[in-house]
Amino acid sequence: MAILQVTRHGDPLLTARMEPIGDVTDEIRTLLDDMIDTMRNGETPGVGLAAPQVGRALPIIVAEPPPDHEGTEAVYNGAVVLMNPEIVYATGNTIIEEGCLSCPGVTAEVERPSHIVIKGLDRDGNAVKLEVEGALARIFQHEVDHLHGKFFFDHLNPIKRQLVKARIRRT
Ligand SMILES: [Zn+2]
């Protein structure tokens, strides 16, 4: 495992859309391991990470499930790893403060669905479908946004968004 460099807001890959993966190769599995290591042991540890944040144009996300997470699908080394993730159902509404490893030190309250169903491929390339709520649902939505070139502040109204972007530019 290796700790990768996390890119900052402004890196062009962070506003790009990722194309789906065909086969899960050994190279991709190594990247997954490194992403988990980076999420846990990087300069700023976090609870989720998307491949474009470590400079790789691939639709891969990793997330740290909360301690009470009971599902074992797509769990590898204690983390949930998904390739080609797609949110196929979302309901409910909740406001939670979010931050991002690519915008260190800046947070904002973001409104998003509270329950989601997400499908994708696990580390072995098997199709999985997870129904999640709470913190993990929030992390998944944040990380899937990164695969579509979006940041958490893109969900804010224009005035709040400009304030958050101004704070990011100052960091
Ligand atoms: Zn982020």
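Here, each number is a calculation from the coordinates, and none is a lab measurement. Keep in mind the model is a prediction, meaning the values are calculated, not measured. Glycine also receives a Cβ, built like all others from the backbone with ideal geometry; neighbour counts cover every protein chain displayed.
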Legend entry - Computed over the range 12-170: relative contact order in percent, which uses C-alpha pairs under 8 Å that are six or more apart: 24 percent
Legend entry - Shape of the chain, Cα gyration tensor, a/c cut at 1.5: oblate
Legend entry - Quotient of Cα Rg and 2.2 N^0.38 Å for the range 61-108, N being how many residues it contains: 1.40
Inset, instruction - Let me know the charge dipole size of the chain about its Cα centre in debye, to the nearest 20, where only the beta-carbon of Lys, Arg (+1) and Asp, Glu (-1) is charged. - result: 920 debye
Inset, instruction - Would you mind telling me which residue in 119, 150, 160 has the biggest mean-square fluctuation in a Gaussian network model of the chain, where springs connect alpha carbons within a distance under 10 angstrom? - result: 160
Legend entry - Extreme residue, positive dipole direction of the chain, given options 94, 77, 140 (C-beta unit charges): 94
Inset, instruction - Name the residue farthest towards the positive end of the dipole of the range 1-74 from the options 58, 15, 46, assuming +1 on Cβ of Lys and Arg, -1 on Cβ of Asp and Glu, about the Cα centre. - result: 15
Inset, instruction - Return the Rg/Rh value of the range 84-147, two decimal places, where both radii are evaluated on C-alpha atoms and Rh is the Kirkwood radius. - result: 1.00
Legend entry - Estimated 222 nm signal from helices in the chain, with DSSP H stretches of n ≥ 4 weighted -39500 (n - 2.57), rounded to 500: -8000 deg cm²/dmol
